[in-house]
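Visitor: Please read through the structure below; I'll follow up with questions.
The values are calculated or read from the model by the stated rules, or taken from the named source; none is laboratory data. Remember, it's a predicted structure, so these values are computed and weren't measured experimentally. Positions of Cβ are generated from backbone atoms using ideal geometry, with glycine treated the same way; all protein chains shown enter the neighbour counts.
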Amino acid sequence: MSKVLIITNDYVGTERAGPAIRAWEMATVLSSEHSVILASLSQPAADSDLFKVTHISKHSFFRFSEWADIIIIQPFILWFLPAISKLNKPLVVDIYNVWLIEALEANRNLPLPQKISAHQSGLKLLGESLHNGDYFICSGERQKDYWLGILHYLGRVEPGYYANDPTAANLIGIVPNGISARQPHHQKNVLKGVSAGIRQSDKLLIWGGSVCNWFDPVTLVKAMALLKRYRNDIKLFFMGLKAPNKKIGDHIWSEADKAVVISKKLGVYEKEVFFNLSWIPFAERENYLLEADLGITLHFNNLETRYSFRTRVLDYLWAELPIITSEGDMMSELVDKHNLGRIVPYRDAAKVAEAIVELLDNKKVYQKCQGSIRSIKIDLYWENVMQPLIEYCRNPWRK
């Protein structure tokens, strides 16, 4: 058994966004074999019986690092805790999202000098992360190829290394996000028949997760306006427009703000389209998911899409909701390969509306998608997708 320190820069509380969810589930799985501390740069507001949850700072870092046998970080941690690079301990760097490309989208509305400065800082941090890490984990084959190209350029895949590990299996492993093996349960009514404007008999679409700049909620709102012309029984609920991490700048939410404005302009605001302006507590999200009929997420045609792994889609699969998603990302490949829903073209409101009606009105198609979801769920359980990291922690190695 080892002592594993997992450090995240995300807020760990009853309300959690993607990075905090991932760190929490990682701690849960690893705690079955190891002693685990989950440390956040923000003061946490959640506890676990399986591992310790705590705040970490530059002052307390050395105490935690002396305790740990293995340290797992997300790249941004090196900005706040640069002393990690000087430790002589196995270091796992979690590069499950291609964050420098994500940042190009997140910062697209900033003045050019600010965008360039942020990008240059990110490149420096990226180099430090990839130089210091002993083992890396990413979300899929596309990402693995991207990261291996950079690692090769930085000298991490050179003749001496390649002679002993020609597949780079000891350098980078694929560890996507997963779903809980526990089946979701509906504990109370939260939307249908409870929320004003959403009847018990309505068909409900749900958008899980936040609405960052790389998502396309506007096309979905336009699709709802098209449906309104001949249907009054289809409603859309956004579970949370903006993530609970207060350190994220407001510029990242411009698409979310556009969606609200457009919904008012098209006359569907709080009639067919409903926005939760706060954030659903993590433990309560299953109530919302289980009242929905479809899960939906749309995005743009860009590099962020190519390398993304839409974790919100996993919640849809957990709740066995057929999925509508834009083409182009790794999750759309999964949906298409296993017939888990429908793939729609970029920025095509008419095609989105058509896919919504097909899945809601064709019972045979809907049930077939649900059956396909059930057939692959076990492969997506956290304890299964984390096997490469589990093996590393059993027998860690240094670069």
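Visitor: When the residues of the range 362-385 are narrowed to those that are touching a Leu at 6+ places or on another chain (Cβ under 8 Å) and aliphatic (A, V, I, L, M), which ends up nearest to Ser32 (Cα to Cα)?
Guide: Leu380
Visitor: Is it the case that Ser210 is of a type outside the set (Phe, Trp, Tyr), within 30 Å of Asp257 (Cβ to Cβ), at pLDDT below 95 and within 19 Å of the chain's Cα centre (by Cα)? Let's see the steps before the verdict.
Guide: Details: of a type outside the set (Phe, Trp, Tyr): yes; within 30 Å of Asp257 (Cβ to Cβ): yes; at pLDDT below 95: yes; within 19 Å of the chain's Cα centre (by Cα): yes.
Judged against the criteria, Ser210 is a match.
Visitor: Taking the range 142-172, which residues are among the charged types (D, E, K, R) and either surrounded by 14 or more Cβ atoms within 10 Å (Cβ to Cβ) or at pLDDT 95 or above (or both)? So that I can check it myself, show each step before the final result.
Guide: Going residue by residue through the range 142-172, those that are among the charged types (D, E, K, R) are 142, 144-145, 156, 158, 165.
If the condition is that a residue be among the charged types (D, E, K, R) and either surrounded by 14 or more Cβ atoms within 10 Å (Cβ to Cβ) or at pLDDT 95 or above (or both), then Arg142, Lys144, Asp145, Arg156 are the ones that fit.
Visitor: Hey, another quick one. Could you grab me the full set of residues in the range 85-128 that are charged (D, E, K, R), under 25 Å from Arg306 (Cβ atoms) and without any contact (Cβ under 8 Å) to a residue 40 or more places away in the chain?
Guide: Passing the criteria: Lys115, Lys124.
Visitor: Pro388: in the same structural domain as Ala169 (by TED's automatic domain parsing) and either touching an Asp or Glu at 6+ places or on another chain (Cβ under 9 Å) or not β-branched (Val, Ile, Thr) (or both), yes or no? It would help to see each step written out before you state the result.
Guide: Working: in the same structural domain as Ala169 (by TED's automatic domain parsing): yes; either touching an Asp or Glu at 6+ places or on another chain (Cβ under 9 Å) or not β-branched (Val, Ile, Thr) (or both): yes.
Yes; evaluated as a whole, the condition is true for this residue.
Visitor: Check whether at least one residue in the range 337-357 is closer than 25 Å to Leu148 by Cβ and of a type outside the set (A, V, I, L, M, F, W, C), and report yes or no. Steps first, please.
Guide: Start the filter on the range 337-357 by keeping residues that are closer than 25 Å to Leu148 by Cβ, which leaves 337.
Okay, now just the ones that are also of a type outside the set (A, V, I, L, M, F, W, C), so 337.
There is at least one residue in the range 337-357 that is closer than 25 Å to Leu148 by Cβ and of a type outside the set (A, V, I, L, M, F, W, C).
Visitor: Before we move on, is Phe215 buried (at least 17 other Cβ atoms within 10 Å of the Cβ), in the same structural domain as Leu266 (by TED's automatic domain parsing) and touching a residue at least 60 places away in the same chain (Cβ under 8 Å)? Break it down into steps so the answer makes sense when it comes.
Guide: Numbers: buried (at least 17 other Cβ atoms within 10 Å of the Cβ): yes; in the same structural domain as Leu266 (by TED's automatic domain parsing): yes; touching a residue at least 60 places away in the same chain (Cβ under 8 Å): yes.
In short, yes.
Visitor: Give the residues of the range 251-271 that are in contact with a strand residue (DSSP E or B) (Cβ under 7 Å, 6 or more places away or on another chain) and touching a residue at least 24 places away in the same chain (Cβ under 8 Å), sorted by residue number. Even if it seems obvious, please write down each step before you answer.
Guide: In the first step, residues of the range 251-271 are kept if they are in contact with a strand residue (DSSP E or B) (Cβ under 7 Å, 6 or more places away or on another chain); the result is 255, 260, 263.
Hits for the range 251-271 are Glu255, Ser263.
Visitor: Moving to a separate point now. Have a look at Leu126, Leu130, Leu91, Leu41 and point out the one that is hydrophobic (A, V, I, L, M, F, W, C) and over 18 Å from Ile172 (Cα atoms).
Guide: Values: Leu126 fails: over 18 Å from Ile172 (Cα atoms); Leu130 fails: over 18 Å from Ile172 (Cα atoms); Leu91 fails: over 18 Å from Ile172 (Cα atoms).
Result of the check over Leu126, Leu130, Leu91, Leu41: Leu41.
Visitor: Out of (1) under 28 Å from Val211 (Cβ atoms); (2) modelled with pLDDT of 90 or more, what's the single condition that is false for Asn107?
Guide: It fails just one condition, (2).
Visitor: Let me ask something else about it. Can you name every residue in the range 178-201 that is of a type in the set (D, E, K, R), exposed (fewer than 13 other Cβ atoms within 10 Å of the Cβ) and in contact (Cβ under 8 Å) with a residue 40 or more places away in the chain?
Guide: Lys188
Visitor: Going through the range 235-268 one residue at a time, which ones are within 30 Å of Pro44 (Cα to Cα), modelled with pLDDT of 85 or more and assigned to a loop (DSSP other than H, G, I, E, B)?
Guide: Passing the criteria: only Met239.
Visitor: List the number of the failed condition for Leu104; all other conditions in (1) hydrophobic (A, V, I, L, M, F, W, C); (2) under 19 Å from Leu171 (Cβ atoms); (3) out of contact with any Ser or Thr (no Cβ under 6 Å at 6 or more places or on another chain) hold.
Guide: For Leu104, the exception is condition (2).
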